[in-house]
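The values are calculated or read from the model by the stated rules, or taken from the named source; none is laboratory data. It should be emphasised that the depicted structure is a prediction, and the values quoted were computed from it without experimental measurement. Glycine also receives a Cβ, built like all others from the backbone with ideal geometry; neighbour counts cover every protein chain displayed.
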Amino acid sequence: MFQLRTLAIAAITTAGLGLGTAQADDSLFQELGGLEVITQFSNETIDISMADPRIKHTFEDENVNPRRVKRMLVEQICALTGGPCVYEGRTMKESHEEDQITNAQFNAIVEDLQIAMDNAGVPFRTQNKLLALLAPMQRDIVTK
């Protein structure tokens, strides 16, 4: 099931969708359950990823602050989906240019996000809407 979703993300990315700074309205923010649910699944995504043998080493760098990464992910998803947040982090290109992230690692964190959204009760259709907004970031994150 996760591989199919990951393939869908790859197809969306390949199609070249542009990434806006935010939704025109807050409908996706509301569909996701608002800030409370976004915070829940964002935090769990990082927790799962930090234990995921495929990518946990990317979080072991002494410069990685898990609390900050969680906060930035919440801000980014909140802002991107039309919520009241303002994302104040660096671009994905700036954040990951030296990390040597592979497609496999990118797909692993997407799968971890899907697990966390499932656990938070986010409907599959709503998950796909968010993933479609996040997918174009692959171009800036994957550098290897």
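Annotations for the structure displayed:
- Candidates VAL37, VAL122: the one that is assigned to a loop (DSSP other than H, G, I, E, B), among the aliphatic types (A, V, I, L, M) and under 27 Å from ASP25 (Cα atoms) is VAL122.
- Some residue of segment 86-96 being of a type in the set (Lys, Arg) and out of contact with any Gly (no Cβ under 9 Å at 6 or more places or on another chain): yes
- For segment 77-96, the count of residues that are charged (D, E, K, R), over 23 Å from ARG139 (Cβ atoms) and either modelled with pLDDT of 90 or more or not in a loop (DSSP other than H, G, I, E, B) (or both) is zero.
- Candidates GLU44, GLU31, GLU36, filtered to the one that is loosely packed, with under 12 Cβ neighbours inside 10 Å, modelled with pLDDT of 90 or more and acidic (Asp, Glu): GLU36
- Residue-level check: of (1) polar (S, T, N, Q); (2) within 23 Å of PHE29 (Cα to Cα); (3) not in a helix (DSSP H, G or I), ASN63 misses just (2).
- Some residue of segment 91-102 being under 15 Å from GLY33 (Cα atoms) and without any contact (Cβ under 8 Å) to a residue 40 or more places away in the chain: no
- Pair list, Cβ under 9 Å, 6 or more apart: segment 51-73 residue in contact (Cβ under 8 Å) with a residue 12 or more places away in the chain, other residue part of a helix (DSSP H, G or I) and surrounded by fewer than 13 Cβ atoms within 10 Å (Cβ to Cβ): ARG54/ALA104; ILE55/ALA104
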